[in-house]
Amino acid sequence: MNIRRRRGGIVGIVAMTGILALAVSGCARDGGDSGGDDGETAASPGITDTSITLGITTPLSGATAGPGTCTVAGVTAYFGAVNAAGGVEFGDGVTRTVEIEAYDDAYDPQQSLANFQQMVSDDVFAVTAGLGTPTNRAFRDAAIDEEVPQVLIMTGDPLFSNTEESPWQLGFVPIYQNEGAAFGELLASSSEELTVAILSQNDDYGEGYVEGFKEAIEGVDNIEIVGELTYEATDTSVDAQLTELAATDADVFFNAMSITPLVISSLLKTQEIGWLPSWFLPSNTSSPVAILQPGNATAFPGVYSVSFAKAPASPAFAEDEDVQTFLSNLAEYADYPDMPAFPHCMWSYMVGATLEQAFQGMTEPTRENFLESLRSISDFQAPLMLEGTYVDTTVDGQPAVSTVVVQKYNGTGFANAETFG
């Protein structure tokens, strides 16, 4: 992977392999891409008869650089292998390589907007895979105005899966409400009398998790919420909130937190003050290697999260063909030889596979046609997906993946949790 510098510092990483193309909804604009006198449809920016270029704005530096780097690595690995095999045969009969340009936003919304504006100048066909709700929201309106697809992005914000409000967007990972509801349903299946304390991020991310959780436990008599506090994503400590919630002595701690260092320090702080509840953590902040092991998560009766991806570090998938191919491609084409510490590496690999499906359905080299093809994928079992989960882009209001499996941490990885306890 080569580093490209632009005025103002490093803003891009250009992968050796090439770039992804993403499309949003299939709503063609009036007039669309008109053809010439020969009746052929004019190609959108970023696609030629030999290649298609995709852009990713994501944190490659700062506190969220770990998962941010993964969002580039997985897509690069997938299309690196595809390009090496000759490229993607599109639905129009043309075979193209996929080129990827990645831009560092350091999880800063202003920088992500600047990155998007640079992508427009760079003739990027579509934006994909980037991590973060505030960073993706920062250029959502601009993407709509410029008619640039912003698709299969790593945010659970339901806004990006609403075709009417965001016609050029589509999320990839389950919306926050889906994950919160999965936790609530697991608790609701228990016959125990349980008390719950909640700490959530004071934004759409935290609110979505809490909303889904509360809806799932509504009317369940054996579950009581005994404490609920929030924190800001810019906070460097939540010790005061943890101390207050610990006073409730709740059995369960529902922690809707997106900042990796804060999750680790929260795990350690609750042990320090002697509060040992069962934990529920979001999928993007439940990495066994990067978070749970440093946080000594085995001290708790149970730590639960949700997933839709096979975990390469888990002994259960050591011999899995998908996992072995993924790890090989990650090392060879993305220069990422280590075992992934974050699920975003696997998620973005699935993004690559989903994009390839969309490319294969494109009969015209336009963004509108790409979106039409992308919006028609259903029951697609992408590589690395857990049994019972799949890609379905046909349901308005839902992202590409809306199915999850609740899992319990076992000290090294996660195993499916049939019941709570």
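Any residue at all in segment 299-307 that is over 27 Å from V252 (Cα atoms) and crowded, with 17+ Cβ neighbours inside 10 Å? So far as segment 299-307 goes, no, none of its residues is over 27 Å from V252 (Cα atoms) and crowded, with 17+ Cβ neighbours inside 10 Å. Looking at Y231 and the list (1) in contact with a strand residue (DSSP E or B) (Cβ under 6 Å, 6 or more places away or on another chain); (2) not β-branched (V, I, T); (3) not assigned by TED's automatic domain parsing to the domain that holds P365, which single condition is not satisfied? Failing condition for Y231: (1).
The set of residues in segment 223-247 being closer than 15 Å to I259 by Cβ, free of Cβ contacts under 8 Å to residues at least 40 places away in the same chain and not hydrophobic (A, V, I, L, M, F, W, C) consists of T230, Y231, E232, T234, D235, T236, S237, D239. Being β-branched (V, I, T), touching a helix residue (DSSP H, G or I) at 6+ places or on another chain (Cβ under 8 Å) and closer than 18 Å to P134 by Cβ is a property that does not hold for T97.
Quick check: is even one residue across segment 50-70 small (G, A, S), part of a helix (DSSP H, G or I) and buried (at least 24 other Cβ atoms within 10 Å of the Cβ)? So far as segment 50-70 goes, yes, one or more of its residues are small (G, A, S), part of a helix (DSSP H, G or I) and buried (at least 24 other Cβ atoms within 10 Å of the Cβ).
Listed by first and then second residue, the pairs with beta-carbon distance under 8 Å, at least 6 apart or on different chains, first residue in segment 318-342 and touching a residue at least 24 places away in the same chain (Cβ under 8 Å), second charged (D, E, K, R), are D322/K310; V323/K310.
Within segment 269-298, being crowded, with 21+ Cβ neighbours inside 10 Å, of a type in the set (G, A, S) and at pLDDT below 95 holds for S283, S286, S287.
Residue pairs whose Cβ atoms lie under 9 Å apart, sitting 6 or more positions apart in sequence or on different chains, and linking a residue in segment 276-288 that is more than 15 Å from G66 (Cβ to Cβ) to a partner that is of a type in the set (D, E) and in a loop (DSSP other than H, G, I, E, B), are P277/D249; P277/D251; S278/D251.
The C-beta contact set for segment 99-119 (first residue part of a loop (DSSP other than H, G, I, E, B), second residue buried (at least 18 other Cβ atoms within 10 Å of the Cβ) and modelled with pLDDT under 95, distance under 6 angstrom, 6+ apart or interchain) comprises Y107/T64; Y107/G132. Inspection of segment 23-42 finds a residue satisfying the criterion of being buried (at least 24 other Cβ atoms within 10 Å of the Cβ) and modelled with pLDDT under 90. Entry remark, segment 120-146: residues being of a type outside the set (S, T, N, Q), surrounded by 18 or more Cβ atoms within 10 Å (Cβ to Cβ) and not in a helix (DSSP H, G or I) number 10 in total. Restricting attention to segment 258-287, the residues that are more than 17 Å from the chain's Cα centre (by Cα), of a type outside the set (A, V, I, L, M, F, W, C) and outside any loop (DSSP other than H, G, I, E, B) add up to 8.
For segment 323-342, taking the residues that are surrounded by 24 or more Cβ atoms within 10 Å (Cβ to Cβ) and under 19 Å from the mean Cα position of the chain (by Cα), the one that is nearest to P59 (Cα to Cα) is identified as F342.
The values are calculated or read from the model by the stated rules, or taken from the named source; none is laboratory data. Everything numeric in this text was worked out from a predicted model, so none of it was measured. Here the Cβ is made from the backbone with ideal geometry for all residues, glycine too, and neighbour counts use every protein chain on show.
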